[in-house]
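Engineer: First, the structure itself, so that you have it in front of you.
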Amino acid sequence: MKKIIKQSILPLTVILLLAGGYYFYKNSKQAQPEDLYKFGAVTQGDVEQTVSANGTINPVTLVSVGTQVSGRVSKLYVDFNDKVEKGQVLLELDDALFAAQIAQSQGSVRNAEASVELARANEARIRSLFGQEYVSRQELDQSVQALKSARAVLESARAQLQRDRTNLSYSIIRSPVSGIVIDRQIDVGQTVAASFQTPTLIKIAQDLSKMQIDTSFAEADIGNIKVGQVAKFSVDAFPNLNFEGAVKQIRLNPVTTSNVVSYNVVISVDNPQQILLPGMTAYVSIVFAKHDNVMLVPNAALRYKPKLDNEADAKPAANGNDASQGQGKSRRKKPAETAEAGGFGRGKVFVLQDGKPQLRQVKVGITDGKLTEVVSDALKPGDQVITGNAQADGQASGNAMRAPRMF
């Protein structure tokens with residue numbers, strides 16, 4: 001009997017030791033209230049609120065050089081990136097047909113001049129005979145009319161000759177402005193046709209030291225944009241450089257795409273080094289509000305809503321604020337509660353006090369997407385506000401450390 005009791009005591013002793021060890025282990029690893037939440041610091045600093053969009057960098061003045069006449073390109077004098085002056089010859093079209101047309105028109109002019117000389121002589125002869133009463137008044141009128149008709153034909157022939165000479169001059173394409181060739185769409189031997197619309201042969205940027213960005217902002221953001229505001233942007237070609245421009249124009253022509261209304265905003269940019277090239281994509285941010293030396297909290301703190309065991313814990317501490325915001329009552333908010341004077345709205349953050357989240361009412365100002373300006377007597381720089389629950393992050397590790405079941 002004693003032997004059986006001794007054999008039973010040993011396993012019970014082991015079990016009791018393991019149970020005691022597990023109890024002390026669990027108590028030593030019990031999470032503190034600070035370990036249940038994520039925190040962010042209340043800071044003091046500057047904040048800017050912006051609206052953003054993508055755009056394309058373009059020259060301020062881009063001239064598309066075309067042709068008013070059709071023909072085959074016989075000579076080409078410029079290429080990509082060439083600098084040209086106003087009036088410089090860019091290319092020439094084959095002028096054989098124009099020269100032949102001029103020769104034909106010159107023959108028509110000479111024929112018309114001969115007709116005028118004959119009509120003038122006939123009119124003088126008939127007028128002399130009419131004075132001697134050898135011809136009738138009708139014959140005199142017919143001779144005068146024939147002279148006028150011959151003169152009209154001569155004027156028409158001369159106009160046709162001038163037209164043909166003008167077409168010949170159009171076969172020589174000259175630069176209308178001084179600038180740089182950024183596009184050439186033709187080559188020697190290519191035939192261009194100007195029957196219905198003027199074809200574009202060459203594009204010339206007048207001045208690459210002055211550029212502009214054509215952007216498209218949604219109608220929800222256009223109310224915050226004003227002419228003269230600072231616009232910051234970057235380009236993929238120079239990811240480590242930041243550039244600045246200014247809002248030059250808000251064009252009143254709306255563009256609707258998939259039921260979204262947007263407006264073209266033109267931003268002027270100085271490009272003295274000419275490192276910004278036409279066609280680059282610019283990522284633009286326009287600063288429409290900036291506050292200096294204000295109190296800031298992380299945006300996650302304003303979004304955080306704790307799951308409390310007792311709703312009374314969500315009431316703000318005694319600081320003169322309205323505690324009804326933490327009661328969870330459903331009621332219609334008055335306009336003064338959503339937007340107060342000075343452009344501030346209402347918000348709330350939570351701080352850890354006595355091991356539980358405590359509500360703090362704040363006035364919310366502008367935000368840069370990460371930090372938000374707040375005004376509150378219950379907060380000061382350096383305070384820690386709750387930004388989220390840490391249990392989700394620690395759940396996996398907690399499960400891994402959990403002791404195995406004994407029974």
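Engineer: Please specify each residue of segment 101-118 satisfying the condition of being polar (S, T, N, Q) and closer than 22 Å to Asn167 by Cβ. Working first, answer last.
Structural biologist: Looking only at segment 101-118, we keep the residues that are polar (S, T, N, Q), and these are 101, 104-106, 108, 111, 115.
Within segment 101-118, Gln101, Gln104, Ser105, Gln106, Ser108, Asn111 meet the criteria.
Engineer: Being touching a Lys or Arg at 6+ places or on another chain (Cβ under 9 Å) and part of a helix (DSSP H, G or I) is the filter here, so list the residues in segment 77-100 that pass it.
Structural biologist: Phe98
Engineer: Let me ask something additional. Name the one entry in Arg165, Arg125, Arg110 that is free of Cβ contacts under 8 Å to residues at least 24 places away in the same chain, closer than 30 Å to Asp94 by Cα, assigned to a helix (DSSP H, G or I) and not assigned by TED's automatic domain parsing to the domain that holds Phe233. Walk me through how you get there before you give the answer.
Structural biologist: Working: Arg165 fails: free of Cβ contacts under 8 Å to residues at least 24 places away in the same chain; Arg125 fails: closer than 30 Å to Asp94 by Cα.
That would be Arg110, the only listed residue that is free of Cβ contacts under 8 Å to residues at least 24 places away in the same chain, closer than 30 Å to Asp94 by Cα, assigned to a helix (DSSP H, G or I) and not assigned by TED's automatic domain parsing to the domain that holds Phe233.
Engineer: Of Ile213, Ile186, which residue is among the β-branched types (Val, Ile, Thr), modelled with pLDDT under 95 and in contact with a strand residue (DSSP E or B) (Cβ under 6 Å, 6 or more places away or on another chain)? Steps first, answer last, please.
Structural biologist: Details: Ile213 fails: modelled with pLDDT under 95.
The unique qualifying residue is Ile186.
Engineer: A further question on this structure: Among the listed residues Asp236, Asp221, identify the single one that is of a type in the set (D, E, K, R) and loosely packed, with under 14 Cβ neighbours inside 10 Å.
Structural biologist: On the way: Asp221 fails: loosely packed, with under 14 Cβ neighbours inside 10 Å.
Residue meeting the stated conditions: Asp236.
Engineer: Still on this structure, I have one more. In the same structural domain as Ala282 (by TED's automatic domain parsing) and either surrounded by 13 or more Cβ atoms within 10 Å (Cβ to Cβ) or touching a strand residue (DSSP E or B) at 6+ places or on another chain (Cβ under 6 Å) (or both): does that describe Gly55? Full working, then the answer.
Structural biologist: Details: in the same structural domain as Ala282 (by TED's automatic domain parsing): yes; either surrounded by 13 or more Cβ atoms within 10 Å (Cβ to Cβ) or touching a strand residue (DSSP E or B) at 6+ places or on another chain (Cβ under 6 Å) (or both): yes.
Against the criterion (in the same structural domain as Ala282 (by TED's automatic domain parsing) and either surrounded by 13 or more Cβ atoms within 10 Å (Cβ to Cβ) or touching a strand residue (DSSP E or B) at 6+ places or on another chain (Cβ under 6 Å) (or both)), Gly55 qualifies.
Engineer: So which pairs qualify, if the first residue must be in segment 205-224 and touching a residue at least 60 places away in the same chain (Cβ under 8 Å), the second must be surrounded by 15 or more Cβ atoms within 10 Å (Cβ to Cβ) and not in a strand (DSSP E or B), the Cβ gap must be under 6 Å, and the two must be at least 6 apart or on different chains?
Structural biologist: Matching pairs, first to second residue: Gln206/Val177; Ser209/Asn271; Lys210/Val60; Met211/Asn271; Met211/Leu276; Gln212/Val60.
Engineer: Ok, one more. Testing Gly189 on (1) closer than 30 Å to Ser70 by Cα; (2) assigned to a helix (DSSP H, G or I), one condition comes back false. Which one is that?
Structural biologist: Only one criterion in (1) closer than 30 Å to Ser70 by Cα; (2) assigned to a helix (DSSP H, G or I) is unmet by Gly189, namely (2).
Engineer: Taking the residues in segment 368-378 that are at pLDDT below 90 and of a type outside the set (D, E, K, R) as candidates, determine which candidate is surrounded by the fewest Cβ atoms within 10 Å (Cβ to Cβ).
Structural biologist: Here the answer is Gly369.
Engineer: Mind checking which residues of segment 260-276 are surrounded by 14 or more Cβ atoms within 10 Å (Cβ to Cβ) and either among the basic types (Lys, Arg) or over 12 Å from the mean Cα position of the chain (by Cα) (or both)? Steps first, please.
Structural biologist: Of all residues in segment 260-276, those surrounded by 14 or more Cβ atoms within 10 Å (Cβ to Cβ) come to 262-269, 271, 276.
Once the filter is applied, which keeps residues that are surrounded by 14 or more Cβ atoms within 10 Å (Cβ to Cβ) and either among the basic types (Lys, Arg) or over 12 Å from the mean Cα position of the chain (by Cα) (or both), segment 260-276 yields Ser268, Val269, Asn271, Leu276.
Engineer: Against the definition (at pLDDT below 80, more than 41 Å from the chain's Cα centre (by Cα) and surrounded by 12 or more Cβ atoms within 10 Å (Cβ to Cβ)), how does Ala403 come out, yes or no? Before you say what the answer is, go through the steps one by one.
Structural biologist: On the way: at pLDDT below 80: yes; more than 41 Å from the chain's Cα centre (by Cα): yes; surrounded by 12 or more Cβ atoms within 10 Å (Cβ to Cβ): yes.
Answer is yes for this residue.
Engineer: Looking at segment 264-310 only, could you name the residues that are touching a helix residue (DSSP H, G or I) at 6+ places or on another chain (Cβ under 9 Å) and among the β-branched types (Val, Ile, Thr)?
Structural biologist: Residues satisfying the conditions are Val265, Ile286.
Engineer: Just one of (1) touching a residue at least 60 places away in the same chain (Cβ under 8 Å); (2) in contact with a helix residue (DSSP H, G or I) (Cβ under 7 Å, 6 or more places away or on another chain); (3) not hydroxyl-bearing (Ser, Thr, Tyr) trips up Val261, so point out which.
Structural biologist: So Val261 meets the others, but not (1).
Engineer: Could I ask something else about it? Working only within segment 199-218, note down all residues that are loosely packed, with under 14 Cβ neighbours inside 10 Å and more than 15 Å from the chain's Cα centre (by Cα). Before you say what the answer is, go through the steps one by one.
Structural biologist: Our first condition is that a residue be loosely packed, with under 14 Cβ neighbours inside 10 Å; within segment 199-218, this holds for 209, 218.
Listed by number, the list holds a single entry, Ser209.
The values are calculated or read from the model by the stated rules, or taken from the named source; none is laboratory data. If you're wondering where the values come from, they're calculated on a predicted model, not measured in any experiment. So basically every Cβ, Gly included, is an ideal-geometry build from the backbone, and we count neighbours across all protein chains shown.
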